Structures are given as C-alpha cells and as structure tokens.
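Just so it is clear, none of the values below were taken in a lab; they were calculated from the coordinates. All values reported here derive from a predicted model rather than from experimental measurement. Methodologically, a virtual Cβ is constructed for each residue, glycine included, from the backbone with ideal geometry; neighbour enumeration extends over all protein chains shown.
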Amino acid sequence: MKKNTFFLALFLILSLGIYAQEKIHGLAVITEFDDFQYEASDAAIDSLLNQKSGYNKSNNVGSLYEYFKDQTNGKYEVTHTIVRIRFNKNMSYFRNSTGKNPDTNKPWDWGQAFADSVILKVQEKYPDGIPGLTRYKGKPDNGIASWLVLVPFGYSAYGVHSAIPFKSGNEYIPMNHIGLCDIGKGPDYMVRIMAHESSHAIFRLPDVGYQKGDNLSIKGSAGSFCMMGWNAGSKNAPIDYCAPILLTLKTAEVIDISSDFKGEISIKSNARDTLYRYVNRRNPKEYFVIQALNHSKWYPTHNVAGHPMDIGLAIWHVVEDDKAPMSPWFRLVQADGIDLMNDTSTKPPVATGNDNRVLFGKKVKSVNGRINPMLSWLDGSIPSLNITDISAPGAIMNFKVGD
C-alpha cells in the first residue's frame with residue numbers, strides 16, 4: 001500500500017458552512033413573585049448571560065455568550081437585554097387547580113399561558129418597548145430570535161409562544177419559542193439550563209439527544225454525548241454540541257473523505273471549526289461523521305449525573321431528514337459494536353462510561369463494517385470505510401484510512 005500524507009486540498013472536498021457571523025440580541029426576563037425572589041442582582045444575571053470572556057462564577061466555565069460563540073466557531077454572538085418583573089402575587093396564583101391562566105383565562109400549559117402573562121407584565125413596565133431585539137435569522141416576518149424567562153417552575157421552549165407581540169423600535173415582534181429556565185434561587189446559577197433552552201429558540205433544535213436504533217421514528221437516548229440531551233454537562237456548565245448538531249448548524253467546515261482515499265488524518269479534539277465525513281454514495285443524506293473528544297472547557301470529566309465522560313475517537317452515523325432538517329437521526333458507533341445507549345438493561349441506559357466500550361483509541365484501535373456491526377448503512381450494506389491505527393486519546397488524535 002502506498003502511504004500518503006494527508007493534504008486537505010489534494011484528497012478531500014471542502015464543504016463550507018453557509019452562515020456568516022450572526023449577532024443575536026434577545027430578551028431575558030427575571031420573573032419574581034411575592035413568595036419568590038432571586039438573590040442575584042440584574043448585573044449578576046447580565047454577567048451570566050453576556051460576559052464576553054472569563055465567566056467562572058458558581059463553578060461555570062463560561063457565560064451563555066461564551067458558550068454559543070465557542071460552539072459555533074465564532075459564527076454566532078448571542079446577547080440579551082435583562083429585565084426584571086414582579087408579579088404581586090404568590091406563585092400559587094399561576095400554579096392553581098383551575099386549569100387556566102387567571103390573567104388570560106386560557107388553558108394552563110406551563111408554557112404558552114404563562115408566556116402571555118410575562119409579556120403583559122413586561123409591557124406594563126416598558127410601554128414603549130425595548131429597542132434592539134433581533135428576529136429569528138434576521139427575517140422581517142419571523143419572531144424573536146431568543147427569549148428567556150427565569151422562573152422558579154418548569155422548563156419549556158420548543159414550539160411555545162405568546163400570542164401577544166412585543167414592541168422593539170418601530171415594530172412589533174412575535175414572541176415565539178419562549179425558554180422557561182429554572183436556574184435556582186441562588187446563590188449558584190447555571191448556564192447549562194439556559195444553553196439547552198435557548199438552543200431550542202435560537203436554532204430551532206428539538207431534543208435531538210433522543211434517538212433509537214435503526215427505526216427513525218422511535219426515540220431512544222444518545223446519552224451524555226449530546227448537549228440537547230438532559231443527561232449532560234456538569235452541575236452548572238453545559239457540554240459541547242456533538243458532531244451531528246454541528247453539521248446541522250453548518251457552522252464548521254465539512255471535509256469529505258472519499259471512498260478511494262488512503263492516508264493518515266489528524267483531528268484536533270473537541271474542534272468546532274472542522275468535521276470529517278464519509279458519505280454513502282447511494283444516499284448523500286446518510287453518512288458517518290468523525291470527531292475526537294477529550295476533557296476540555298465544555299467537555300467535563302463527569303456529567304451532571306456524576307457519570308464519567310468517555311474520551312477518544314467518536315464516529316457518528318447520521319441520516320438527514322428533509323422534512324425535519326434540524327432534527328437528523330443519529331447514533332454513536334460504539335467501540336464494542338453494541339448499542340449501549342439504547343440498552344435499557346443498563347443503569348442508567350446511556351453510554352458514558354470510562355470503560356473502553358464507547359469511544360475508539362484506548363483499546364479498540366481499528367474499525368470497519370466487517371468487525372463492527374454498527375458501522376453499516378441503514379440498508380445493511382457495509383461501507384468501504386476502514387479505519388486503523390487509531391491513536392490514544394489526547395489533544396490531537398490520528399488514524400489511518402484505507403488498507
């Protein structure tokens with residue numbers, strides 16, 4: 001076999017992300033009641049959401065602004081105007097047994113009904129509106145790009161909206177995709193919950209961490225390797241977006257590995273700027289995407305449940321859905337060839353362990369469809385992809401393609 005040095009320009013096809021840098025300015029509402037007030041000042045919450053670098057309070061490793069900028073390779077800068085409102089009522093006013101929101105007489109759903117009450121209260125305090133709010137993807141007919149509500153009960157975001165628009169400048173913006181965030185009364189506050197809920201709003205991502213098996217209609221669990229799954233991140237800090245999400249966002253360069261390529265590839269662990277992909281020649285919507293994972297700023301040693309986060313080479317099987325472009329089917333190709341993430345006999349039924357079964361590079365140094373049944377296309381056929389000589393986990397991981 002002729003051994004080639006890996007040169008991007010010679011052997012790979014670059015597929016650039018479609019997004020230029022986008023600045024999003026949203027609204028964050030601190031919601032208080034007679035029987036509940038936050039310990040943090042407006043300035044403290046502003047730092048939690050908007051600090052440009054070095055935010056480390058309450059064991060966070062960065063602000064919400066830092067998280068989105070890091071995850072999108074600098075393509076998105078997300079900030080929020082902070083406002084505080086006070087309902088001169090106890091929480092029980094809303095959490096009552098009537099089944100309706102007493103402010104609007106609409107059915108209580110823990111999301112949309114409460115969103116209307118929040119907007120009414122914000123309008124009361126700011127009758128002239130709040131300038132500078134941006135719309136989703138900047139389109140004039142879209143609703144607000146990001147709307148967070150700090151509230152001591154419930155989580156909700158995707159598909160929840162207020163029927164009441166809000167004035168910003170000379171226009172009224174529909175208040176779609178509220179993010180209800182219970183971050184605690186204090187003094188510790190978490191970026192993790194807000195990162196999850198605002199990912200729904202900003203990118204219209206569903207809970208894409210839940211996938212199961214070969215049946216695209218059945219939901220399972222992708223475990224701690226996906227921030228959109230709840231079993232992820234440290235106590236207060238969120239986890240890196242996994243490779244399938246990054247592909248969906250199109251914020252990184254995608255390097256396509258051709259079926260006839262033979263050579264060595266080097267991958268920077270936890271890279272947000274470059275992803276490596278091997279596409280099914282019979283179905284361009286189906287592919288394997290490869291990334292390297294190592295403990296880092298947004299990839300902690302343990303997840304929020306206390307389970308260790310595995311490190312090594314991650315190979316994801318992804319199938320795009322034209323009807324749901326932000327919600328591809330995907331699963332992790334595990335080193336032992338067993339789909340542990342969807343094995344309900346394990347406790348918990350997610351693959352997070354530091355036991356060499358999950359990611360490649362510690363014990364399992366090679367993979368192809370003949371030795372690992374998970375490295376196959378949905379129709380059961382085996383790709384020609386053959387990966388060998390996978391290096392040990394580290395800041396840089398190397399492997400060879402072809403034989």
Can you return the aspartates and glutamates within cross-link range of LYS362? Criterion is Cα-Cα under 17 Å, with same-chain partners fewer than 8 residues away left out. ASP310, ASP336, ASP389
What is the distance in Å between the Cα centres of the stretch 241-271 and the stretch 73-92? 35 Å
Under the 0.36 nm per residue contour assumption, what length would be gained going from the current alpha-carbon distance of LYS137 and ALA163 to full extension? 7.3 nm
Contour excess over end-to-end distance, with Cα ends at LYS250 and GLU77 and 0.36 nm allotted per residue: 60.7 nm
Determine the sum of side-chain charges near VAL83: Lys and Arg each +1, Asp and Glu each -1, restricted to other residues whose C-beta is under 15 angstrom from that of VAL83. 0
Please list 3J(HN,Hα) in residue order for the stretch 169-185, calculated via the Karplus relation 6.51 cos²θ - 1.76 cosθ + 1.60 where θ = phi - 60°; whole Hz, with x for glycine and proline. x, 9, 10, 10, 9, x, 9, 8, 6, 4, x, 6, 10, 8, 9, x, 6
Please list, in chain and number order, the residues 5+ apart from ILE396 or on another chain whose amide H is under 5 Å from its amide H, with Hs placed from the backbone. SER269
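Suppose the chain between LYS89 and GLU124 were pulled fully straight at 0.36 nm per residue; how much longer would it get relative to their current alpha carbon spacing? If you can, show how the numbers build up before the last one.
On the way: separation 35, 0.36 × 35 = 12.60 nm, distance 1.57 nm.
Additional length available on full extension: 11.0 nm.
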Within 9 Å, Cβ to Cβ, of LYS69, how many net charges do the neighbouring residues add up to if Lys/Arg are +1 and Asp/Glu are -1? -1
Give the cross-link partners of LYS285 among the lysines, using a straight C-alpha distance below 23 Å as the criterion and excluding same-chain residues fewer than 8 apart. LYS212, LYS219, LYS250, LYS323
Can you list the aspartates and glutamates whose alpha carbon is less than 17 Å from that of LYS235, not counting same-chain residues fewer than 8 positions off? ASP182, ASP188, GLU197
